[in-house]
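The structure appears right after this line, and notes come after that.
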Amino acid sequence: MLQVNGLVKEYKNYRAVSDLSFTIGNGEIVGLLGPNGAGKTTALRCIAGILRPTSGQILINGHDLLTDQANAKRGLAFVPEVPSLYELLTVYEHLRFIAMCFDSMPKFEAEHESILRKYHLWEKREDLVATLSKGMRQKLSVACALIHGATTFLFDEPMIGIDPAGAHELKLELMQAREGGASILVSTHLLETAEKLCDRVMIMARGKMLAMGTLDELREHYGMEGQSLENVFLSLTSEVSP
Ligand code: ATP
(Lines give C-alpha, C1' and ligand atoms only; values in the text may rest on other atoms or scores of the structure.)
Protein backbone atom coordinates (compact mmCIF):
# COMPACT_ATOMS: atom_id res chain seq x y z
CA MET A 1 0.00 0.00 0.00
CA LEU A 2 1.33 3.40 -0.99
CA GLN A 3 -0.16 6.61 0.40
CA VAL A 4 0.96 10.06 -0.68
CA ASN A 5 -0.49 13.05 1.17
CA GLY A 6 0.01 16.63 0.01
CA LEU A 7 3.36 16.05 -1.68
CA VAL A 8 5.10 19.26 -2.72
CA LYS A 9 8.56 19.53 -4.28
CA GLU A 10 10.17 22.83 -5.10
CA TYR A 11 13.49 23.35 -6.87
CA LYS A 12 14.62 26.77 -5.65
CA ASN A 13 11.61 28.90 -6.64
CA TYR A 14 10.09 26.43 -9.08
CA ARG A 15 7.26 24.19 -7.85
CA ALA A 16 7.71 20.93 -9.82
CA VAL A 17 5.12 18.95 -7.81
CA SER A 18 2.16 20.61 -6.18
CA ASP A 19 -0.06 19.10 -3.50
CA LEU A 20 -0.16 15.55 -4.85
CA SER A 21 -2.33 13.13 -2.86
CA PHE A 22 -3.30 9.60 -3.80
CA THR A 23 -3.39 6.01 -2.56
CA ILE A 24 -2.45 2.84 -4.39
CA GLY A 25 -3.97 -0.22 -2.83
CA ASN A 26 -2.61 -3.74 -2.69
CA GLY A 27 -2.90 -5.55 -6.01
CA GLU A 28 -3.16 -2.43 -8.12
CA ILE A 29 -1.21 -0.97 -11.05
CA VAL A 30 -1.52 2.79 -11.52
CA GLY A 31 -0.15 4.51 -14.62
CA LEU A 32 1.44 7.93 -14.08
CA LEU A 33 0.89 9.97 -17.25
CA GLY A 34 1.72 13.52 -18.20
CA PRO A 35 3.44 15.69 -20.79
CA ASN A 36 7.19 16.31 -20.62
CA GLY A 37 8.02 18.32 -17.52
CA ALA A 38 4.75 17.45 -15.77
CA GLY A 39 6.63 16.40 -12.62
CA LYS A 40 6.37 12.60 -12.92
CA THR A 41 10.05 11.83 -12.33
CA THR A 42 10.23 14.38 -9.51
CA ALA A 43 7.23 12.77 -7.81
CA LEU A 44 8.66 9.27 -8.25
CA ARG A 45 12.06 10.34 -6.91
CA CYS A 46 10.40 11.86 -3.84
CA ILE A 47 8.37 8.69 -3.25
CA ALA A 48 11.52 6.58 -3.70
CA GLY A 49 13.27 8.62 -1.00
CA ILE A 50 15.90 10.01 -3.41
CA LEU A 51 14.64 13.60 -3.27
CA ARG A 52 13.50 15.21 -0.04
CA PRO A 53 9.99 16.62 -0.44
CA THR A 54 9.46 20.28 0.38
CA SER A 55 6.37 19.13 2.29
CA GLY A 56 3.95 16.25 2.42
CA GLN A 57 3.87 12.72 3.71
CA ILE A 58 4.68 9.39 2.02
CA LEU A 59 3.64 6.14 3.66
CA ILE A 60 4.83 2.79 2.33
CA ASN A 61 2.95 -0.09 3.92
CA GLY A 62 2.09 2.35 6.70
CA HIS A 63 5.74 3.33 7.33
CA ASP A 64 6.53 7.03 7.01
CA LEU A 65 9.35 7.52 4.53
CA LEU A 66 10.69 10.55 6.36
CA THR A 67 10.57 9.29 9.94
CA ASP A 68 10.84 5.49 9.50
CA GLN A 69 12.97 5.31 6.38
CA ALA A 70 14.51 1.85 6.85
CA ASN A 71 11.17 0.09 7.26
CA ALA A 72 9.55 2.15 4.50
CA LYS A 73 12.35 1.40 2.02
CA ARG A 74 12.49 -2.29 2.88
CA GLY A 75 9.22 -2.80 1.02
CA LEU A 76 10.04 -0.49 -1.87
CA ALA A 77 11.69 -1.06 -5.26
CA PHE A 78 12.43 1.79 -7.67
CA VAL A 79 13.46 1.36 -11.29
CA PRO A 80 14.64 4.77 -12.53
CA GLU A 81 14.54 5.94 -16.12
CA VAL A 82 18.34 5.87 -16.27
CA PRO A 83 19.60 3.09 -14.02
CA SER A 84 22.46 3.96 -11.75
CA LEU A 85 24.40 0.75 -11.27
CA TYR A 86 27.70 -0.40 -9.76
CA GLU A 87 29.81 -0.54 -12.90
CA LEU A 88 32.66 -2.65 -11.56
CA LEU A 89 30.56 -5.53 -10.27
CA THR A 90 29.61 -8.41 -12.54
CA VAL A 91 25.93 -8.89 -13.33
CA TYR A 92 25.79 -11.82 -10.89
CA GLU A 93 27.61 -9.87 -8.16
CA HIS A 94 25.35 -6.88 -8.65
CA LEU A 95 22.15 -8.87 -8.23
CA ARG A 96 23.62 -10.70 -5.23
CA PHE A 97 24.74 -7.42 -3.66
CA ILE A 98 21.25 -5.94 -3.92
CA ALA A 99 19.76 -9.13 -2.45
CA MET A 100 22.24 -8.91 0.46
CA CYS A 101 21.35 -5.24 1.08
CA PHE A 102 17.69 -6.15 1.36
CA ASP A 103 18.28 -9.27 3.44
CA SER A 104 16.88 -11.39 0.64
CA MET A 105 19.48 -14.11 0.11
CA PRO A 106 17.01 -17.05 0.22
CA LYS A 107 15.06 -15.43 -2.61
CA PHE A 108 18.30 -14.77 -4.47
CA GLU A 109 19.41 -18.41 -4.16
CA ALA A 110 16.01 -19.67 -5.29
CA GLU A 111 15.30 -17.23 -8.10
CA HIS A 112 18.39 -15.49 -9.46
CA GLU A 113 18.94 -17.94 -12.31
CA SER A 114 15.35 -17.80 -13.52
CA ILE A 115 15.27 -13.99 -13.27
CA LEU A 116 18.56 -13.61 -15.14
CA ARG A 117 17.44 -16.11 -17.80
CA LYS A 118 14.09 -14.37 -18.19
CA TYR A 119 15.85 -11.12 -19.07
CA HIS A 120 18.55 -12.80 -21.19
CA LEU A 121 21.24 -11.81 -18.73
CA TRP A 122 22.26 -15.32 -17.68
CA GLU A 123 24.92 -15.55 -20.39
CA LYS A 124 26.22 -12.14 -19.24
CA ARG A 125 26.39 -13.03 -15.56
CA GLU A 126 30.19 -12.96 -15.39
CA ASP A 127 30.47 -9.70 -17.36
CA LEU A 128 31.05 -6.32 -15.74
CA VAL A 129 28.01 -4.07 -15.56
CA ALA A 130 30.09 -1.41 -17.35
CA THR A 131 30.06 -3.56 -20.50
CA LEU A 132 26.26 -3.94 -20.73
CA SER A 133 24.17 -2.30 -23.45
CA LYS A 134 21.57 0.34 -22.50
CA GLY A 135 18.68 -2.14 -22.64
CA MET A 136 20.62 -4.75 -20.68
CA ARG A 137 21.28 -2.18 -17.95
CA GLN A 138 17.56 -1.46 -17.83
CA LYS A 139 16.84 -5.17 -17.55
CA LEU A 140 19.38 -5.58 -14.74
CA SER A 141 17.74 -2.70 -12.92
CA VAL A 142 14.37 -4.50 -13.24
CA ALA A 143 15.96 -7.76 -12.04
CA CYS A 144 17.32 -5.93 -8.97
CA ALA A 145 13.83 -4.60 -8.23
CA LEU A 146 12.42 -8.11 -8.42
CA ILE A 147 15.04 -9.83 -6.28
CA HIS A 148 14.33 -8.23 -2.94
CA GLY A 149 10.69 -9.11 -2.45
CA ALA A 150 9.32 -5.56 -2.44
CA THR A 151 5.58 -4.96 -2.22
CA THR A 152 5.58 -1.42 -3.61
CA PHE A 153 7.13 -0.86 -7.02
CA LEU A 154 7.92 2.43 -8.74
CA PHE A 155 8.87 2.35 -12.42
CA ASP A 156 9.96 5.43 -14.34
CA GLU A 157 9.49 4.81 -18.07
CA PRO A 158 10.44 1.13 -17.75
CA MET A 159 9.69 0.12 -21.35
CA ILE A 160 12.04 2.68 -22.91
CA GLY A 161 15.18 1.02 -24.25
CA ILE A 162 14.02 -2.52 -23.53
CA ASP A 163 13.48 -4.81 -26.54
CA PRO A 164 9.96 -6.15 -27.28
CA ALA A 165 10.61 -9.51 -25.59
CA GLY A 166 11.95 -7.77 -22.47
CA ALA A 167 9.01 -5.35 -22.42
CA HIS A 168 6.59 -8.27 -22.77
CA GLU A 169 8.32 -10.10 -19.91
CA LEU A 170 8.17 -6.97 -17.76
CA LYS A 171 4.44 -6.55 -18.37
CA LEU A 172 3.85 -10.16 -17.33
CA GLU A 173 5.99 -9.56 -14.26
CA LEU A 174 3.96 -6.49 -13.29
CA MET A 175 0.72 -8.43 -13.67
CA GLN A 176 2.14 -11.27 -11.58
CA ALA A 177 3.26 -8.82 -8.88
CA ARG A 178 -0.24 -7.30 -8.90
CA GLU A 179 -1.74 -10.76 -8.41
CA GLY A 180 0.64 -11.20 -5.48
CA GLY A 181 -0.78 -8.04 -3.90
CA ALA A 182 1.86 -5.47 -4.89
CA SER A 183 1.15 -1.74 -5.26
CA ILE A 184 2.68 -0.51 -8.51
CA LEU A 185 3.15 3.00 -9.91
CA VAL A 186 4.46 3.17 -13.49
CA SER A 187 5.20 6.37 -15.36
CA THR A 188 4.88 6.04 -19.10
CA HIS A 189 4.22 7.91 -22.32
CA LEU A 190 2.97 4.67 -23.92
CA LEU A 191 -0.75 5.24 -23.60
CA GLU A 192 -1.79 2.00 -25.29
CA THR A 193 0.33 0.04 -22.83
CA ALA A 194 -1.12 2.04 -19.95
CA GLU A 195 -4.64 1.39 -21.20
CA LYS A 196 -4.06 -2.37 -21.28
CA LEU A 197 -1.92 -2.75 -18.18
CA CYS A 198 -3.12 -0.25 -15.60
CA ASP A 199 -6.13 -0.52 -13.30
CA ARG A 200 -6.20 3.25 -12.90
CA VAL A 201 -4.29 6.18 -14.34
CA MET A 202 -3.21 9.47 -12.85
CA ILE A 203 -2.77 12.35 -15.28
CA MET A 204 -0.41 15.16 -14.24
CA ALA A 205 0.49 18.46 -15.85
CA ARG A 206 2.59 21.33 -14.51
CA GLY A 207 3.11 19.52 -11.24
CA LYS A 208 -0.58 19.03 -10.49
CA MET A 209 -2.87 16.04 -10.70
CA LEU A 210 -5.52 16.71 -13.31
CA ALA A 211 -7.41 13.45 -12.92
CA MET A 212 -7.16 9.98 -11.44
CA GLY A 213 -9.38 6.97 -11.97
CA THR A 214 -10.17 4.01 -14.17
CA LEU A 215 -10.47 4.76 -17.87
CA ASP A 216 -14.23 4.24 -17.59
CA GLU A 217 -14.44 6.72 -14.70
CA LEU A 218 -12.46 9.33 -16.66
CA ARG A 219 -14.57 8.79 -19.77
CA GLU A 220 -17.75 9.22 -17.79
CA HIS A 221 -16.52 12.22 -15.80
CA TYR A 222 -15.36 14.10 -18.89
CA GLY A 223 -18.21 12.99 -21.15
CA MET A 224 -15.92 11.03 -23.47
CA GLU A 225 -17.71 7.68 -23.69
CA GLY A 226 -16.07 5.20 -26.04
CA GLN A 227 -12.88 7.28 -26.39
CA SER A 228 -9.35 5.88 -26.09
CA LEU A 229 -7.04 6.81 -23.23
CA GLU A 230 -5.01 8.76 -25.78
CA ASN A 231 -8.00 10.97 -26.63
CA VAL A 232 -8.90 11.48 -22.98
CA PHE A 233 -5.27 12.35 -22.20
CA LEU A 234 -4.97 14.80 -25.10
CA SER A 235 -8.24 16.48 -24.25
CA LEU A 236 -7.28 16.91 -20.58
CA THR A 237 -3.73 18.11 -21.16
CA SER A 238 -4.15 20.29 -24.24
CA GLU A 239 -5.05 23.40 -22.25
CA VAL A 240 -2.34 23.08 -19.64
CA SER A 241 0.62 21.76 -21.66
CA PRO A 242 3.55 24.11 -22.07
P1 ATP B 1 9.48 13.87 -18.77
O2 ATP B 1 8.20 13.25 -19.27
O3 ATP B 1 10.07 14.83 -19.78
O4 ATP B 1 10.47 12.88 -18.25
P5 ATP B 1 8.62 14.62 -16.06
O6 ATP B 1 7.14 14.66 -15.98
O7 ATP B 1 9.29 13.41 -15.51
O8 ATP B 1 9.08 14.88 -17.56
P9 ATP B 1 10.30 16.13 -14.22
O10 ATP B 1 11.60 15.56 -14.69
O11 ATP B 1 9.79 15.71 -12.92
O12 ATP B 1 9.16 15.95 -15.33
O13 ATP B 1 10.47 17.73 -14.22
C14 ATP B 1 9.42 18.57 -13.74
C15 ATP B 1 9.91 20.01 -13.79
O16 ATP B 1 10.91 20.21 -12.80
C17 ATP B 1 10.51 20.43 -15.14
O18 ATP B 1 10.12 21.75 -15.41
C19 ATP B 1 12.00 20.35 -14.89
O20 ATP B 1 12.71 21.27 -15.69
C21 ATP B 1 12.09 20.71 -13.41
N22 ATP B 1 13.26 20.07 -12.76
C23 ATP B 1 13.51 18.75 -12.71
N24 ATP B 1 14.65 18.51 -12.03
C25 ATP B 1 15.12 19.73 -11.65
C26 ATP B 1 16.26 20.18 -10.91
N27 ATP B 1 17.14 19.31 -10.39
N28 ATP B 1 16.40 21.51 -10.71
C29 ATP B 1 15.51 22.39 -11.21
N30 ATP B 1 14.41 22.05 -11.91
C31 ATP B 1 14.22 20.74 -12.12
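Within the bounds of the stretch 24-43, is there any residue that is more than 12 Å from the ligand (Cβ to nearest atom), at pLDDT 95 or above and farther than 15 Å from THR152 by Cα?
Quick first cut of the stretch 24-43, residues more than 12 Å from the ligand (Cβ to nearest atom) only: 24-31.
Still in the running and at pLDDT 95 or above: 24-31.
With farther than 15 Å from THR152 by Cα added as a condition, the list becomes none.
No: the stretch 24-43 contains no residue that is more than 12 Å from the ligand (Cβ to nearest atom), at pLDDT 95 or above and farther than 15 Å from THR152 by Cα.
If I filter the stretch 135-144 for residues that are part of a helix (DSSP H, G or I), within 16 Å of the ligand (Cβ to nearest atom), more than 16 Å from TYR92 (Cβ to Cβ) and under 13 Å from the mean Cα position of the chain (by Cα), do I get at least one hit?
Initially, the stretch 135-144 is screened for residues part of a helix (DSSP H, G or I), giving 135-144.
Filter once more, so that each one left must be within 16 Å of the ligand (Cβ to nearest atom): 138.
Next, from what is left, pick out any that are more than 16 Å from TYR92 (Cβ to Cβ): 138.
Okay, now just the ones that are also under 13 Å from the mean Cα position of the chain (by Cα), so 138.
Taking every residue of the stretch 135-144 in turn, at least one turns out to be part of a helix (DSSP H, G or I), within 16 Å of the ligand (Cβ to nearest atom), more than 16 Å from TYR92 (Cβ to Cβ) and under 13 Å from the mean Cα position of the chain (by Cα).
Is it the case that the stretch 184-206 has a residue that's under 16 Å from GLU230 (Cβ atoms), away from the ligand (no atom under 16 Å from the Cβ), assigned to a helix (DSSP H, G or I) and touching a Gly at 6+ places or on another chain (Cβ under 9 Å)?
Checked against the condition, which is being under 16 Å from GLU230 (Cβ atoms), away from the ligand (no atom under 16 Å from the Cβ), assigned to a helix (DSSP H, G or I) and touching a Gly at 6+ places or on another chain (Cβ under 9 Å), the stretch 184-206 yields at least one hit.
Residue by residue through the stretch 175-211, note down the ones that are closer than 21 Å to ASN61 by Cα, of a type in the set (A, V, I, L, M, F, W, C) and surrounded by 18 or more Cβ atoms within 10 Å (Cβ to Cβ).
First pass over the stretch 175-211, keeping only residues closer than 21 Å to ASN61 by Cα: 175-187, 198-202.
Adding the requirement that they be of a type in the set (A, V, I, L, M, F, W, C) leaves 175, 177, 182, 184-186, 198, 201-202.
ALA177, ALA182, ILE184, LEU185, VAL186, CYS198, VAL201, MET202 - these are the residues of the stretch 175-211 that are closer than 21 Å to ASN61 by Cα, of a type in the set (A, V, I, L, M, F, W, C) and surrounded by 18 or more Cβ atoms within 10 Å (Cβ to Cβ).
So, of the residues in the stretch 86-116 that are outside any helix (DSSP H, G or I) and at pLDDT 95 or above, which turns out to be surrounded by the fewest Cβ atoms within 10 Å (Cβ to Cβ)? Break it down into steps so the answer makes sense when it comes.
Within the stretch 86-116, the subset outside any helix (DSSP H, G or I) is 86-90, 102-104.
Filter again for at pLDDT 95 or above, leaving 86-90.
On the way: TYR86: 13, GLU87: 12, LEU88: 10, LEU89: 16, THR90: 16.
Here the answer is LEU88.
Of the numbered conditions (1) surrounded by fewer than 21 Cβ atoms within 10 Å (Cβ to Cβ); (2) closer than 16 Å to PHE22 by Cβ, ILE47 fails exactly one; give the number of that condition.
So ILE47 meets the others, but not (1).
So which pairs qualify, if the first residue must be in the stretch 215-239 and closer than 16 Å to MET202 by Cβ, the second must be among the acidic types (Asp, Glu) and assigned to a helix (DSSP H, G or I), the Cβ gap must be under 7 Å, and the two must be at least 6 apart or on different chains?
Going by the 7 Å Cβ cut-off, the qualifying pairs are LEU215/GLU195; LEU229/GLU195.
Quick one: is ALA150 crowded, with 21+ Cβ neighbours inside 10 Å and in a loop (DSSP other than H, G, I, E, B)?
Working: crowded, with 21+ Cβ neighbours inside 10 Å: yes; in a loop (DSSP other than H, G, I, E, B): yes.
The answer is yes for ALA150.
Condition (residue is modelled with pLDDT under 90 and on the phi < 0 side of the Ramachandran plot) applied to the stretch 183-191: is it met by at least one residue? Lay out the reasoning, then the answer.
Our first condition is that a residue be modelled with pLDDT under 90; within the stretch 183-191, this holds for none.
So far as the stretch 183-191 goes, no, none of its residues is modelled with pLDDT under 90 and on the phi < 0 side of the Ramachandran plot.
Do we have SER84 as at negative phi, among the polar types (S, T, N, Q), within 16 Å of the ligand (Cβ to nearest atom) and out of contact with any strand residue (DSSP E or B) (no Cβ under 7 Å at 6 or more places or on another chain) here? It would help to see each step written out before you state the result.
Working: at negative phi: yes; among the polar types (S, T, N, Q): yes; within 16 Å of the ligand (Cβ to nearest atom): yes; out of contact with any strand residue (DSSP E or B) (no Cβ under 7 Å at 6 or more places or on another chain): yes.
Against the criterion (at negative phi, among the polar types (S, T, N, Q), within 16 Å of the ligand (Cβ to nearest atom) and out of contact with any strand residue (DSSP E or B) (no Cβ under 7 Å at 6 or more places or on another chain)), SER84 qualifies.
Is there any pair linking a residue in the stretch 28-57 that is within 24 Å of PHE233 (Cα to Cα) to one that is assigned to a helix (DSSP H, G or I) and near the ligand (Cβ under 8 Å from one of its atoms), with Cβ under 8 Å and at least six apart or on different chains, and which?
LEU32/LYS40; LEU32/ALA43; LEU32/LEU44; LEU33/LYS40; GLY34/LYS40
With the condition kept exactly as written, say whether any residue in the stretch 20-36 is assigned to a strand (DSSP E or B), more than 27 Å from LEU197 (Cβ to Cβ), touching a Gly at 6+ places or on another chain (Cβ under 8 Å) and small (Gly, Ala, Ser).
So far as the stretch 20-36 goes, no, none of its residues is assigned to a strand (DSSP E or B), more than 27 Å from LEU197 (Cβ to Cβ), touching a Gly at 6+ places or on another chain (Cβ under 8 Å) and small (Gly, Ala, Ser).
All but one of (1) exposed (fewer than 15 other Cβ atoms within 10 Å of the Cβ); (2) modelled with pLDDT of 95 or more; (3) farther than 13 Å from ILE29 by Cα; (4) in contact with a Lys or Arg (Cβ under 9 Å, 6 or more places away or on another chain) hold for VAL129; which doesn't?
That leaves (1) as the condition not met.
Which number in (1) under 23 Å from GLY181 (Cβ atoms); (2) more than 8 Å from the ligand (Cβ to nearest atom); (3) not acidic (Asp, Glu) marks the one condition that LEU7 misses?
Answer for LEU7: the failing condition is (1).
The values are calculated or read from the model by the stated rules, or taken from the named source; none is laboratory data. Treat the numbers as computed from the prediction; the structure is a model and nothing was measured. Here the Cβ is made from the backbone with ideal geometry for all residues, glycine too, and neighbour counts use every protein chain on show.
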